[in-house]
Amino acid sequence: MTACIVGWSHSPFGKLEGDDVEALIGRVAADALADAEVAPEEIDAVYLGWYNGGFSRQDFGSSLVMNAVPGLRYAPATRLENACATGSAAVHQAANFLEAKQGRTVLVIGVEKMTATPGPEIGGILLQCSYVKEEAETEGGFAGVFGQICNGYFQKYGDQSDALAAIAAKNHKNGCENPYAQMRKDLGFDFCRHPSEKNPLVAGPLKRTDCSLVSDGAAALVMRDGDAALASKKAVAIRSRAQVNDFLPMSKRDMTHLDGCARAWEKALEGAKLALDDLDFVETHDCFTIAELMQVEAMGLAAPGEGAKTVLDGATQKDGRLPINASGGLKAKGHPIGATGVSMHALAAMQVRGQAGGMQVDGAEIGGVFNMGGAGVANYCSILQALR
């Protein structure tokens, strides 16, 4: 039966100097169990989404949660990694476990500690998510990768800098209402649109306001099978989900369209027996503003090359046809790699239950989550709806 989210927790995202990975894992795990009113001994499996890649000297983190929550000792614990989609990999694997009837209650954690690593090293670690044989020397790190993607898109469809600035401004405005967000400041369209000393060009057409933030943070979910979830005080069904992986080398793909993203959305909507217009909101992976623009097209909200018109018409605003990133997205919230996908599912669960506070989209009942690893390589899509 359908896997359901019955509890969650979320740390602040940002520079968390007092917490290492172990402390972050322990904090959100205990808080999620308390939120779900589930005892540690009821957990049948633990799934940890943690990219690491060199950010932390400690590796092999699957059992770290047991140091903080001793009642989880002896539960099978597994760490997953799929680049920036690591968190959703953990969520989907937990759903697989439940739907295979291997257990009834699962704890999912996503975490990353990035800010303690020197800046030049961060760029090198993140470039490990590219095809190293061809892309490891990209100037500007992963921002340089998306700068190249942006250049190619602009060459095909024209300069879309106005749309990128509108996306950045929208997400920063929305992030002001997110208590977990790393940056809670409404920067405005003009600041995001024009290069300046405080908003310099970073890679190709991308400015600082087009790039997500280096962050620390964690989020956790308690998930149950459908029957057990009905006995919980709250339950959000993962009504449908899809994973689509594409070629790793960009040289093997047309990088002006995110084919893997489009296929993941198609499969998830088909599985839920829904159309995109049936969704009330979307949380999508805006690691860079060009990624959100291209995802608007890939999900089917706009035709290829016409995403800018849709964005500038206000369709993706919080009160628009399909609100996108009412949380502020990665752009304002921050992007601790392993935590991102779990965070997106937690925030979407809050939305469909009407518990998102200032982030709340009016009347939200069904929402979509899209989490992307690498440059459109690992693509995870989930459709969420509240059961109770």
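Restricting the first member to the range 10-26 and to residues that are under 7 Å from G217 (Cα atoms), and the second to residues that are surrounded by fewer than 23 Cβ atoms within 10 Å (Cβ to Cβ) and among the charged types (D, E, K, R), the beta-carbon pairs closer than 9 Å and six or more apart or on different chains are S11/D19; S11/R27; S11/D31. The criterion of being modelled with pLDDT of 95 or more, more than 21 Å from D216 (Cα to Cα), open to solvent by 20 Å² or more (accessible area, probe 1.4 Å) and among the aliphatic types (A, V, I, L, M) does not hold for L322. Scanning the range 254-283 for residues that are under 19 Å from Y153 (Cα atoms) and in contact (Cβ under 8 Å) with a residue 40 or more places away in the chain returns M255, T256, H257, L258, D259, G260, C261.
For the residues A268, A242, A272, A262, the requirement of being surrounded by 24 or more Cβ atoms within 10 Å (Cβ to Cβ) and at pLDDT 95 or above singles out A268. Out of curiosity, is L312 more than 17 Å from the chain's Cα centre (by Cα), crowded, with 17+ Cβ neighbours inside 10 Å and over 30 Å from N52 (Cα atoms)? No: the conditions fail for L312. Looking at Q155, Q160, can you tell me which residue is touching a Phe, Trp or Tyr at 6+ places or on another chain (Cβ under 9 Å), modelled with pLDDT of 95 or more and farther than 26 Å from F13 by Cβ? None of the others qualify; the one that does is Q160. Of the residues making up the range 39-53, none is within 18 Å of T117 (Cβ to Cβ), more than 20 Å from the chain's Cα centre (by Cα) and in a loop (DSSP other than H, G, I, E, B). Here M66 meets the list (1) free of Cβ contacts under 8 Å to residues at least 40 places away in the same chain; (2) not in a helix (DSSP H, G or I) almost entirely, failing just condition (2). Among the residues of the range 365-388, those that are among the aliphatic types (A, V, I, L, M) and open to solvent by less than 10 Å² (accessible area, probe 1.4 Å) comprise V369, M372, A375, A378, I383, L384.
Of everything in the range 3-51 that is among the β-branched types (V, I, T) and within 27 Å of A83 (Cβ to Cβ), the residue that is surrounded by the most Cβ atoms within 10 Å (Cβ to Cβ) is I5. Determine whether F60 is in contact (Cβ under 8 Å) with a residue 40 or more places away in the chain and either out of contact with any helix residue (DSSP H, G or I) (no Cβ under 6 Å at 6 or more places or on another chain) or closer than 27 Å to G373 by Cβ (or both). Taking the combined requirement at face value, the residue does not satisfy it. Could you say which residue among S88, S63 is at pLDDT 95 or above, within 23 Å of Q102 (Cα to Cα) and over 21 Å from the mean Cα position of the chain (by Cα)? Checking each option against the conditions leaves just S63.
Among the conditions (1) closer than 30 Å to L80 by Cα; (2) open to solvent by 10 Å² or more (accessible area, probe 1.4 Å); (3) small (G, A, S); (4) in contact with a strand residue (DSSP E or B) (Cβ under 9 Å, 6 or more places away or on another chain), the only one that A346 does not satisfy is (2). Of the helices (runs of 4 or more DSSP H) that lie entirely inside the range 81-198, those containing 2 or more residues that are farther than 22 Å from L330 by Cα and open to solvent by 40 Å² or more (accessible area, probe 1.4 Å) span 86-99, 132-135, 141-157. May I ask you to list the residues in the range 278-291 that are under 21 Å from A356 (Cβ atoms) and either open to solvent by 10 Å² or more (accessible area, probe 1.4 Å) or hydrophobic (A, V, I, L, M, F, W, C) (or both)? D278, L279, D280, F281, V282, listed by residue number. Look through R208, R184 and report the one residue that is without any contact (Cβ under 8 Å) to a residue 60 or more places away in the chain, within 24 Å of the chain's Cα centre (by Cα) and over 25 Å from Q93 (Cα atoms). None of the other options fit; the residue is R208.
The residues of the range 62-80 that are among the β-branched types (V, I, T) and either out of contact with any strand residue (DSSP E or B) (no Cβ under 8 Å at 6 or more places or on another chain) or surrounded by fewer than 16 Cβ atoms within 10 Å (Cβ to Cβ) (or both), listed by number, are V69, T78. Could you tell me whether S251 is of a type in the set (S, T, N, Q), surrounded by fewer than 17 Cβ atoms within 10 Å (Cβ to Cβ) and without any contact (Cβ under 8 Å) to a residue 12 or more places away in the chain? For S251, the condition - of a type in the set (S, T, N, Q), surrounded by fewer than 17 Cβ atoms within 10 Å (Cβ to Cβ) and without any contact (Cβ under 8 Å) to a residue 12 or more places away in the chain - is not met.
The values are calculated or read from the model by the stated rules, or taken from the named source; none is laboratory data. Keep in mind the model is a prediction, meaning the values are calculated, not measured. Positions of Cβ are generated from backbone atoms using ideal geometry, with glycine treated the same way; all protein chains shown enter the neighbour counts. What goes into the accessible areas is simple: the full protein's heavy atoms, side chains included, and nothing from ligands, DNA or RNA. Shrake-Rupley method; radii C 1.70, N 1.55, O 1.52, S 1.80 Å.
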